[in-house]
Amino acid sequence: MMQVLSVASECAPLVKTGGLADVVGALPAALAGHGVRMRTLLPGYPAVMAALLDTAEVGRFDDLFGGAARLLQGQAAGLDLLVIDAPHLFARSGGPYLAPDGRDWPDNPERFAALSWVGAHVAAHGAGGWRPQVLHGHDWQAGFATEYLRQMGARDVCTLLTIHNIAFTGSTDPWRLSSLRLDPGRFHSEGYEFWGGISALKAGLMGADALTTVSPSYAEELMTPEFGMGLDGVMRHRRDVLHGILNGIDEDAWNPATDPAITPYSTPAGKIAAKAALQAELGLPPAEGPLCVIVSRMSHQKGLDLILEVLPTLLEQGGQLAVLGSGDPGLEQAFRHAAADPNVAVRIGYDEGFSHRLIAGGDAILVPSRFEPCGLTQMYGLRYGTVPVVALTGGLADTVINASPAALAQGVATGIQFAPVTAQALRSALVRLNSLYRDGPTWTQLQANAMAQPVGWGQSAAAYAALYADLAGTR
Ligand code: ADP
Ligand code: GLC
């Protein structure tokens, strides 16, 4: 059995702000069938501490970045966990990164440095008699692990860092160098220095034995100035160890045939009831055109401002829009305004059950992201026969087969892609959507193709397992 320590700042279903949590939560089960035993190291947020069962203390730290801490081993939600019980860092209300007032916790650099430090400690010295062969970190929150491993002199552990979103670089000012317990000798371009500051992500990108990101297209994009966010040079430098491995979705949680949130269905015809139920729930009248749905964080990345721009076209065609999301206050406000139209429904907030009803009941799901490392909701859409209309970028490019005349003729199309990511291109995508929707047999075929497309972890889990084996084999 290959032993792997996964180090992450969120993990579904315990604590989630986005797709990172879904992936971290899904990997252990996905990899179990590939000879990998994975333990997941998480910060001891209140929700994680409350869920932890069969707890045993497997480590103690007198001064973990400003206070005493314990390392606990236990189970929660079917996951094998190591949890950092450090009340001075993690026993706080609010989200994993933000205080209740919506601002970043001022000590976030130290909080996640502590996560990385404990990850390195477990990889170097083991915990409760268990020691991993590979430390697999996720995003900037695990970035310093390679620096600390170097300090601990542990040369026999392999490291892998997965980039879920390069927009978050974990950057901070150089004055924090000592509170982050970094080796000042590594404050240079081959280490963790980034544009004159400190970046946890840069540290991991330079230090890890291998890097992955969550789709092949994003792996290519990361090496370009447009998508690299200042780290494209680093990515080009490390291109030989960079792999794009597509995310899968949780096929049990997202299965229209067994979903407890809806009247289950397994053919496109079954969507009729789901759509009627959704329209009734939202007070939307029957309509001639497609019901388009969105489930998303509201941020610049997601391109939702473009939806507002093209809304008149969507409505003129007899279409409808139902939105679930939260985030940027300006966007939230603009969507609330848009809901004045009787064919638009907007719910600001986070609601797991409602997200299932939306994705089941919609005819199409819109994902007009400016960049999208992988994206999960378009894959939920595929599984539920809810045709994805997506920007041609990152994982959206890799998971949807555009309904071009040729792809339609071949019977392989699963959705609609548009480029560039502009209101004009999105508008023409909605015109295409509308005409496909009104062409009954073609539309049913598109839905059926979408439902048949594999979106699980199979291939990707095998790719991770092979990568771990390669890494461990080279030591
Ligand atoms: P990102 O991680 O960039 O936000 P992904 O598409 O990878 O984008 O993952 C987003 C995840 O969060 C999906 O599981 C999606 O269903 C969920 N999600 C996003 N917004 C909401 C919301 N308002 N309510 C419920 N689930 C949401
Ligand atoms: C990030 C990305 C998203 C990806 C998710 C899981 O949040 O924005 O595209 O699906 O991570 O890898």
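Length available on full extension from Val431 to Asp341: 0.36 nm per residue minus the Cα-Cα distance, which gives 30.4 nm.
Label-to-label distance for Ser326 and Arg239 is 4.2 nm, based on points extended 7 Å past Cα in the beta-carbon direction. Under the convention that each Lys and Arg Cβ holds +1 and each Asp and Glu Cβ holds -1, the size of the dipole of the stretch 191-330 around its Cα centre is about 100 debye. Dipole magnitude for the chain: computed about the Cα centre from +1 point charges on Lys and Arg Cβ and -1 point charges on Asp and Glu Cβ, it is near 320 debye. Note on Gln424 and Met229: their simple-model spin labels are 2.9 nm apart, each label 7 Å out from Cα toward Cβ. Normalised per residue, the accessible area of the stretch 268-452 is 36 Å², obtained with a 1.4 Å probe and no contribution from ligands, DNA or RNA. For the pair the stretch 436-475 / the stretch 237-304, the C-alpha centres are spaced 16 Å from each other. Between Trp175 and Asp107, the FRET efficiency from the beta-carbon distance, with R0 = 22 Å, is close to 0.95. The slack between Ser93 and Leu392, meaning 0.36 nm per residue of separation minus the straight C-alpha distance, is 103.8 nm.
Calculated mean residue ellipticity at 222 nm for the chain: -11000 deg cm²/dmol, from DSSP H runs with n ≥ 4 weighted as -39500 (n - 2.57), summed, divided by the residue count and rounded to 500.
Here Lys16 is the anchor, and the aspartates and glutamates within straight C-alpha reach of less than 15 Å, apart from those fewer than 8 places off in the same chain, are Asp139, Asp250, Asp351, Glu352.
Using a simple spin-label model with pseudo-atoms 7 Å out from Cα toward Cβ, Gln459 and Gln301 lie 2.4 nm apart. Only protein atoms count toward the accessible area here, which uses a 1.4 Å probe; on the stretch 268-452, the carbon and sulfur part of that area reaches 58 percent. Normalising the average separation of contacting C-alpha pairs (under 8 angstrom, six or more residues apart) by the number of residues puts the relative contact order of the stretch 40-130 at 29 percent. With R₀ fixed at 56 Å, the C-beta to C-beta distance from Thr55 to Glu316 puts the FRET efficiency at about 0.45.
The values are calculated or read from the model by the stated rules, or taken from the named source; none is laboratory data. Owing to the predicted nature of the structure, the values given are computational and were not obtained by experimental measurement. Glycine also receives a Cβ, built like all others from the backbone with ideal geometry; neighbour counts cover every protein chain displayed. We work out accessible area using only protein heavy atoms, side chains counted, and drop any ligands, DNA or RNA first. Shrake-Rupley method; radii C 1.70, N 1.55, O 1.52, S 1.80 Å.
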